[in-house]
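**Q** Mind having a look at this structure? Questions to follow.
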Amino acid sequence: MPANWISTRAWLLMLPLLVVMVSVIGWPLVDTVRLSFTDAKLVGTEGSFVGIANYEKMLTGSNFQRALVTTTWFAVVSVAAEMVLGVLAALLLNQQFRGRAALRALMILPWALPTVVNATLWRLIYNPEYGALNAALTQLGLIDSYRSWLGEPGSALTALIVADCWKNFPLVALIALAALQAVPRDITAAALVDGAGPFNRFRFVVMPYLAGPLLVALVLRTIEAFKVFDIIWVMTRGGPANSTRTLSILVYQEAFSFQRAGSGASLALIVTLLVTILAAAYAALLRRAAGAS
Amino acid sequence: MERQSRLFSVFVHASALLLAAVILAPVVWLFVMSISPAADLSAKPLNWWPSDIDLSRYRTLLSAVENSAGAAFVASLVNSLQVAGMATLAAIVVAVPAAWAVSRTPAVSWSLYAVIATYMLPPVALAVPLYMGLAYFGLLNSVFGLALVYLTILAPFTTWLLKSGFDAIPREIESAAMIDGARLDQILRLLTLPLAAPVMATSALFAFLLAWDEFFYALLFTSDLRAKTLTVAIADLAGGRVSDYGLIATAGVLAALPPVLIGLVMQRALISGLTSGGVKG
């Protein structure tokens, strides 16, 4: 068959997908760009062109800077904790012990629990009056009086990070476990015979197999964590005293609570740009890692 | 196989128990809350085990008496099923031909990367125009409108999964059939699609779970029983003035049941689906 017919046929087969993508992603994205240069309201006023005023206002505002710090902190701490816990859990699940298959199946639970259900569950656990965390810590004698874990600016973000980690570290563990199982037995055995200790075996035998998949998990989790909305909205709505207000929550408030579509759109695009830079940096890292191995 | 010392074996078993406890405790507690009498949950010190098994909340939430908490919950359950079902079906319908074309025509594979790249877009980047667009077409607070919006997430995702599924089916089978004189539609209908059935099923399940889980767009684009999904209904319960925490927990258990069951039954397929992207790097 002629090559140009094959490629035309491919485009024809992709047409439905492309039409969908252009209408629900392409057009809205372009329209967000247009809106970001206007003072449009969400309902009613079309708005008029205001140049880069929205961007100036948003970038110099203290709300954006604080939300950027909060988001970065949330992403870095939760992803780092998920990676460490995930690898530790995977190393454990790679050992021989009774009930290993059952434990591995259990790891699906947090992942399968809907994000909103997870957030609700932890909100109940952290409840200041009747929560299980307060009850458990009091009964163990670790705290004297009940605390409002989500109600105090000092602890709310940490409480959110714990809830997020609990849901997401099992996924990292499953990915890492699959990679561990790809490590050939004879190489580990040879390293053992050569007298390599546990750390050196992990560093030089296991790590090369683990690095690629973990890097991919790291990329996906960081991007997800940077976009975080659901768990925070359900647990704290960005409070108390805006201490858990991430960028996505800020965009939501600007565009939908205050109905300022124009400035909300500019803020959304700033977030998009940050995610894109993050993704591009990671992609470069991935390519380098692929080239090295 | 390396021989394990006794101490190491004790350490492994203790860690395994700890891991199991960390994973199970919150989930078991959710279930215990859902079957504990309200008095147990507000007792101090807290009753960790129900004094009496109370299933009344399940009856409350699943009853269809008009204007009850149950009617609202059942309505949101039905909405979630409809939205996730329609969005999954539509995503598969557009993704199958596209994924096959990309898999068999390397020259156009760059377009797939463009599609996948959109997966990284934060939903807030599309939310305002989508809101205005839905309002313009009268599709706000409608299951059809929400299902359409969910295609922004499901279509790239299923295309990507299906493409790697088609890649695993050798092209030689198709070329052989073509040499034997089969038409393209015959090849696809009788050969490729049946072979791709398992990966299509897995992709559909993943897509369904994604849609079932979705919250942000549902929060923005739905406002009452006509379209509100389960995730929004639960967030309302959690953030509202409900005094019985057991009722919130019950709603959580019911919403978690379908994905958890799918997860446990489909373990193997899910794990290989989750990890294949990762392992290939």
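Residue by residue, here is whether (1) crowded, with 18+ Cβ neighbours inside 10 Å; (2) touching a His at 6+ places or on another chain (Cβ under 8 Å) holds:
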site: A:G86; (1), (2): yes, no
site: A:F97; (1), (2): no, yes
site: A:T115; (1), (2): yes, no
site: A:A119; (1), (2): yes, no
site: A:R123; (1), (2): yes, no
site: A:A136; (1), (2): no, no
site: A:Q139; (1), (2): no, no
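**Q** Then there is this: When the residues of segment B:73-95 are narrowed to those that are surrounded by fewer than 24 Cβ atoms within 10 Å (Cβ to Cβ) and within 13 Å of the chain's Cα centre (by Cα), which ends up nearest to A:S23 (Cα to Cα)?
**A** This residue is B:G85.
**Q** Take segment A:206-241 and flag every residue that is more than 17 Å from the chain's Cα centre (by Cα) and within 11 Å of chain B (Cβ to nearest Cβ).
**A** A:Y209, A:L210, A:A211, A:G212, A:T236, A:R237
**Q** Tally time: how many residues in segment A:3-14 are surrounded by 14 or more Cβ atoms within 10 Å (Cβ to Cβ) and more than 8 Å from chain B (Cβ to nearest Cβ)?
**A** Qualifying residue count, segment A:3-14: 0.
**Q** Using beta carbons and a limit of 8 Å, which pairs, at least six apart or on different chains, have the first residue in segment A:115-142 and in contact (Cβ under 8 Å) with a residue 60 or more places away in the chain and the second one among the polar types (S, T, N, Q) and in a loop (DSSP other than H, G, I, E, B)?
**A** none
**Q** Answer yes or no as to whether A:F37 is exposed (fewer than 13 other Cβ atoms within 10 Å of the Cβ), touching a strand residue (DSSP E or B) at 6+ places or on another chain (Cβ under 7 Å) and farther than 24 Å from B:F221 by Cβ.
**A** No: the conditions fail for A:F37.
**Q** Which residue is farthest from A:Y252 (Cα to Cα), if the candidates are limited to segment B:109-129 and must be at pLDDT 90 or above and in contact with a Pro (Cβ under 6 Å, 6 or more places away or on another chain)?
**A** My answer is B:P129.
**Q** Same structure, new question: Residues to consider are B:V83, B:V10; find the one that is part of a helix (DSSP H, G or I) and without any contact (Cβ under 8 Å) to a residue 40 or more places away in the chain.
**A** Only one candidate qualifies: B:V10.
**Q** Please pick out the residue among B:V74, B:V22 that is more than 9 Å from every other protein chain (Cβ to nearest Cβ), out of contact with any strand residue (DSSP E or B) (no Cβ under 6 Å at 6 or more places or on another chain) and in a helix (DSSP H, G or I).
**A** Just a single option satisfies the conditions, and that option is B:V74.
**Q** In contact with a helix residue (DSSP H, G or I) (Cβ under 7 Å, 6 or more places away or on another chain), under 26 Å from A:V275 (Cβ atoms), of a type in the set (G, A, S) and at the interface with another protein chain (Cβ under 9 Å from one of its Cβ atoms), is that true of A:A75?
**A** Against the criterion (in contact with a helix residue (DSSP H, G or I) (Cβ under 7 Å, 6 or more places away or on another chain), under 26 Å from A:V275 (Cβ atoms), of a type in the set (G, A, S) and at the interface with another protein chain (Cβ under 9 Å from one of its Cβ atoms)), A:A75 does not qualify.
**Q** Okay, next question. Would you call A:A196 within 25 Å of the chain's Cα centre (by Cα) and over 27 Å from A:A102 (Cα atoms)?
**A** no
**Q** If you check B:A168 against the conditions, is it exposed (fewer than 14 other Cβ atoms within 10 Å of the Cβ) and either closer than 30 Å to B:A43 by Cα or of a type outside the set (S, T, Y) (or both)?
**A** yes
**Q** For residues in segment A:203-251 being part of a helix (DSSP H, G or I) and basic (K, R), which is surrounded by the most Cβ atoms within 10 Å (Cβ to Cβ)?
**A** For segment A:203-251, the residue satisfying everything is A:R221.
**Q** Tally up the residues in segment A:1-35 that are within 30 Å of B:A182 (Cα to Cα) and either touching a residue at least 12 places away in the same chain (Cβ under 8 Å) or of a type in the set (K, R) (or both), please.
**A** Qualifying residue count, segment A:1-35: 1.
**Q** Checking B:N141 against (1) part of a helix (DSSP H, G or I); (2) on the phi > 0 side of the Ramachandran plot, which single condition isn't satisfied?
**A** The failed condition is (1).
**Q** Hey, does segment A:172-179 have a residue that's outside any helix (DSSP H, G or I), within 10 Å of chain B (Cβ to nearest Cβ) and at pLDDT 90 or above?
**A** No.
**Q** Which residue is farthest from the chain's Cα centre (by Cα), if the candidates are limited to segment A:123-144 and must be facing chain B (nearest Cβ under 9 Å) and of a type in the set (S, T, Y)?
**A** Across segment A:123-144, the extreme among qualifying residues is A:T138.
**Q** Which number in (1) charged (D, E, K, R); (2) without any contact (Cβ under 8 Å) to a residue 12 or more places away in the chain; (3) surrounded by 22 or more Cβ atoms within 10 Å (Cβ to Cβ) marks the one condition that B:R57 misses?
**A** If we test B:R57 against (1) charged (D, E, K, R); (2) without any contact (Cβ under 8 Å) to a residue 12 or more places away in the chain; (3) surrounded by 22 or more Cβ atoms within 10 Å (Cβ to Cβ), just (2) comes out false.
**Q** Let me ask something else about it. Inside segment A:242-269, can you point out the residues that are closer than 21 Å to A:I25 by Cβ and either more than 10 Å from chain B (Cβ to nearest Cβ) or among the small types (G, A, S) (or both)?
**A** A:S248, A:A255, A:A261, A:G262, A:G264, A:A265, A:S266, A:A268 - these are the residues of segment A:242-269 that are closer than 21 Å to A:I25 by Cβ and either more than 10 Å from chain B (Cβ to nearest Cβ) or among the small types (G, A, S) (or both).
**Q** Restricting the first residue to segment B:141-161 and requiring it to be outside the structural domain of B:F221 (by TED's automatic domain parsing), which pairs with a second residue that is surrounded by fewer than 22 Cβ atoms within 10 Å (Cβ to Cβ) and among the small types (G, A, S) meet a Cβ separation below 8 Å and a spacing of at least six or different chains?
**A** No pair meets every condition.
**Q** Which numbered condition in (1) of a type in the set (S, T, N, Q); (2) at pLDDT 90 or above; (3) part of a helix (DSSP H, G or I) is the only one that A:T188 fails?
**A** Only one criterion in (1) of a type in the set (S, T, N, Q); (2) at pLDDT 90 or above; (3) part of a helix (DSSP H, G or I) is unmet by A:T188, namely (2).
The values are calculated or read from the model by the stated rules, or taken from the named source; none is laboratory data. Model, not experiment: these values are computed from the prediction. Virtual Cβ from ideal backbone geometry, glycine too; neighbours counted across all protein chains shown.
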